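Notes to accompany the following structure.
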Amino acid sequence: MVMVPRFGSVRQLGVVVKDAEAAMLHWGRHMGVGPFFVIEGATFQDYRYRGVPGPSPVCTFGYAQAGDLQVEIIAQTNDAPSGYLDFLASGREGCQHLSSWQASDAEFEAVYAQALSSGAQLMHEGYADGSRFAYFATGEGLPGGLAFEIAVGLRPELLPVHAMLRAANESWDGSDPIRRMPS
């Protein structure tokens with residue numbers, strides 16, 4: 001019997017691109033997703049690529065809501081090994097991962113263990129602003145194969161950020177499509 005992992009509700013669509021600004025403008029103009037809130041020069045703590053500690057990717061992230069779904073645009077700006085660069089090296093650009101979020105480290109650990117026991121291959125993991133995350137391969141080399149991310153994205157201190165993104169999208173008139181993430 002094959003165990004089917006249960007990662008939880010999909011809350012985010014991760015899009016890996018070479019040009020973050022062009023991607024955010026495209027999503028805004030052609031799909032009505034925006035405004036995007038940008039963080040530049042982001043790095044991870046305790047980063048591991050395929051289980052081996054190493055230098056963190058340096059990334060530009062853009063976040064916007066599309067109803068209940070968050071769209072995350074990712075452009076890596078250094079050459080540290082990562083699932084993002086693996087995706088680009090495979091000749092693809094676009095949707096790279098789906099993400100589910102957990103509310104606590106304990107929930108994360110349970111889903112993490114389930115993913116490993118189901119045979120999912122760990123791509124990269126670490127901490128982003130104190131929240132643990134991990135990406136798992138779910139079909140590398142297969143047409144349409146996406147990675148799956150789990151993250152402690154429902155911590156109480158993050159809920160106002162999610163609410164801000166949603167409110168910005170609901171009231172967005174298409175102007176000012178790329179904004180800096182408030183501190």
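List of remarks:
- All of (1) crowded, with 16+ Cβ neighbours inside 10 Å; (2) without any contact (Cβ under 8 Å) to a residue 12 or more places away in the chain; (3) not hydroxyl-bearing (S, T, Y) hold for V52 with one exception: (1).
- Subset of the range 14-49 [exposed (fewer than 15 other Cβ atoms within 10 Å of the Cβ), farther than 20 Å from D129 by Cα and not aliphatic (A, V, I, L, M)]: K18, D19, R29, H30, G32
- Condition met for H97 (out of contact with any Ser or Thr (no Cβ under 6 Å at 6 or more places or on another chain), in a strand (DSSP E or B), closer than 19 Å to A42 by Cα and in contact (Cβ under 8 Å) with a residue 40 or more places away in the chain): yes
- The residues on offer are C95, C59, and the sole one that is in contact with a Leu (Cβ under 7 Å, 6 or more places away or on another chain) and hydrophobic (A, V, I, L, M, F, W, C) is C95.
- When S99 is tested against (1) small (G, A, S); (2) over 12 Å from the mean Cα position of the chain (by Cα); (3) surrounded by 21 or more Cβ atoms within 10 Å (Cβ to Cβ), exactly one condition is not met: (2).
- When the range 1-34 is filtered for residues that are farther than 16 Å from G67 by Cα, of a type outside the set (K, R) and at pLDDT below 95, the ones remaining, listed by number, are M1, V2, M3, V4, P5, F7, G8.
- Looking at G41, G62, G126, G119, just one residue is over 14 Å from the mean Cα position of the chain (by Cα), of a type outside the set (D, E, K, R) and assigned to a strand (DSSP E or B), and that residue is G41.
Yes or no, residue by residue, for (1) under 21 Å from N169 (Cβ atoms); (2) assigned to a loop (DSSP other than H, G, I, E, B); (3) charged (D, E, K, R); (4) in contact (Cβ under 8 Å) with a residue 12 or more places away in the chain:
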residue: V33; (1), (2), (3), (4): yes, yes, no, yes
residue: S56; (1), (2), (3), (4): no, yes, no, yes
residue: F87; (1), (2), (3), (4): no, no, no, yes
residue: A110; (1), (2), (3), (4): no, no, no, no
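- Some residue of the range 63-72 being surrounded by 15 or more Cβ atoms within 10 Å (Cβ to Cβ), farther than 17 Å from S9 by Cα and modelled with pLDDT of 95 or more: yes
- Against the criterion of being more than 18 Å from V161 (Cβ to Cβ) and not in a strand (DSSP E or B), R48 does not qualify.
- Restricting the range 144-183 to residues that are in a helix (DSSP H, G or I) and among the acidic types (D, E), the residue that is farthest from F133 (Cα to Cα): E170
- Looking only at residues in the range 73-84 that are surrounded by fewer than 19 Cβ atoms within 10 Å (Cβ to Cβ) and among the polar types (S, T, N, Q), the one that is nearest to R180 (Cα to Cα) is T77.
The values are calculated or read from the model by the stated rules, or taken from the named source; none is laboratory data. What you see is a predicted model, and the numbers here were worked out from it, not measured in a lab. Don't worry about glycine lacking a Cβ; one is built from the backbone with ideal geometry, like all the others, and counts go over all protein chains shown.
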